[in-house]
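Visitor: Have a look at the structure that comes next, please.
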Amino acid sequence: MSPRTTGGQNVVTLPETPGRRLRRRVIWVSASVVAVIVALMLVLLFSPLLAVQTITVEGNKLVPTKTINSALAPLKGVPLPRIGPAQVKDLLADQPSIQEVVVQAHAPGTLEVQIVEYAPVAIVKNGSKSYDLVGEDGRTLSTVAKRESVKLPLIDAKKSAQDPEVFAALTHVLAALPASALKKLDHASAQTVDSVQLSMTNGQKVLWGSDERSGDKARVLTAFLKDKNQQGVDTFDVSTPDHPVTR
C-alpha cells in the first residue's frame with residue numbers, strides 16, 4: 001500500500017479484502033445470471049421461432065376434429081410457452097362434451113391437444129330427425145341422426161321434460177353400468193324415482209328400483225350377464241342387491 005496526500009494529510013489506501021472481493025464477484029455473477037434468464041424468457045415468450053404452426057388433436061369422439069381445429073385457430077402463431085390448458089379449454093368452452101384438455105408442446109412449433117370427453121350414458125329423441133346423447137348429469141353432449149348409430153339405451157323424452165327428478169335417476173343408474181352392459185340395453189324407463197326399469201335388446205328386463213346403491217346393483221347385474229346359465233331368464237330383479245332374484 002502507498003500513502004497519498006489529501007489536504008496536506010497523508011491518507012493510506014488499504015487493499016481490498018478477500019471477502020469484499022468475493023462478494024463483489026458474487027453480485028456480478030448473480031446479476032449476469034439474472035440478465036441471461038430474463039433474456040431467455042423473453043426469447044421463449046415472444047420469439048417467432050417457437051410459434052405454433054401445427055395443432056394435433058387426439059381423444060375426441062363426440063366433437064369433430066375439424067370443429068376443434070377451427071376453435072383453436074387463434075393459437076396459430078402464438079409462442080408455445082404462452083399456451084396452457086386453461087387457454088385451450090376457454091376456446092373450447094362452447095363444446096359441452098369436453099370435460100378436460102391436456103396440452104403438450106413439442107418444439108419447434110407443434111401443439112398437441114388431448115381431449116377428455118364426458119361419457120354419454122343414454123340417448124333421447126330430439127324432435128323427429130335427430131337424437132341427443134346425454135351424460136350422467138343429463139346434459140346434451142352431442143347429436144346423432146340415427147338411433148342405430150350408437151349402442152346406448154333410449155330414454156323417453158317426455159319423461160325428461162315432465163319430471164326432471166325421474167330423468168336424473170335414470171341417468172345416474174345408467175352411469176353406474178359398464179360400457180359392456182350399456183350396449184346391451186334397448187331403453188330405460190321409470191314412473192317414479194324408485195321404479196327404474198331397464199329393457200335389454202334381447203327382451204330381458206331388469207328391475208332396478210331407485211338409484212341408491214347403484215354401484216352394487218351394477219356389479220350384480222354384470223355378474224348375471226356374464227353367467228351363461230342366466231340366458232333363459234326373463235327378468236333380473238336387482239332392486240335389493242344383497243338378495244337379487246331372477247325369474
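Visitor: On full extension of the chain, what length is gained from residue 186 through residue 237, given 0.36 nm per residue of separation minus the C-alpha to C-alpha distance?
Guide: Numbers: separation 51, 0.36 × 51 = 18.36 nm, distance 1.72 nm.
Going from the current span to full extension adds 16.6 nm.
Visitor: For a footprinting-style exposure proxy, rank 206, 103 by other Cβ within 10 Å, fewest first. Before the final figure, lay out each step's value.
Guide: Numbers: 206 24, 103 17.
In order of increasing Cβ crowding within 10 Å: 103, 206.
Visitor: Here's another thing I want to ask about it. In nm, to one decimal, how far is the modelled label at residue 89 from the one at residue 54, with both set 7 Å along Cα→Cβ?
Guide: Label-label distance for residue 89 and residue 54, simple model: 2.7 nm.
Visitor: Here is a further query. Over 22 Å between C-alpha atoms is what I'm after, so list which of 129/151; 146/228; 89/184; 125/184; 61/89; 125/217 land there.
Guide: Numbers: 129/151 18 Å; 146/228 32 Å; 89/184 34 Å; 125/184 19 Å; 61/89 17 Å; 125/217 27 Å.
The answer is 146/228; 89/184; 125/217.
Visitor: Just want the ordering: 187, 243, from fewest to most Cβ atoms lying within 10 Å of their own Cβ. Present the calculation step by step, with values, prior to reporting the outcome.
Guide: Working: 187 17, 243 9.
Fewest-to-most ranking of 187, 243: 243, 187.
All of the numbers you see were taken from the coordinates with simple rules; none came from a lab. Only a predicted model underlies this, so the values are computations on that prediction, with no experimental measurement involved. Cβ sites come from the backbone with ideal geometry, for glycine too, and all protein chains shown count toward neighbours.
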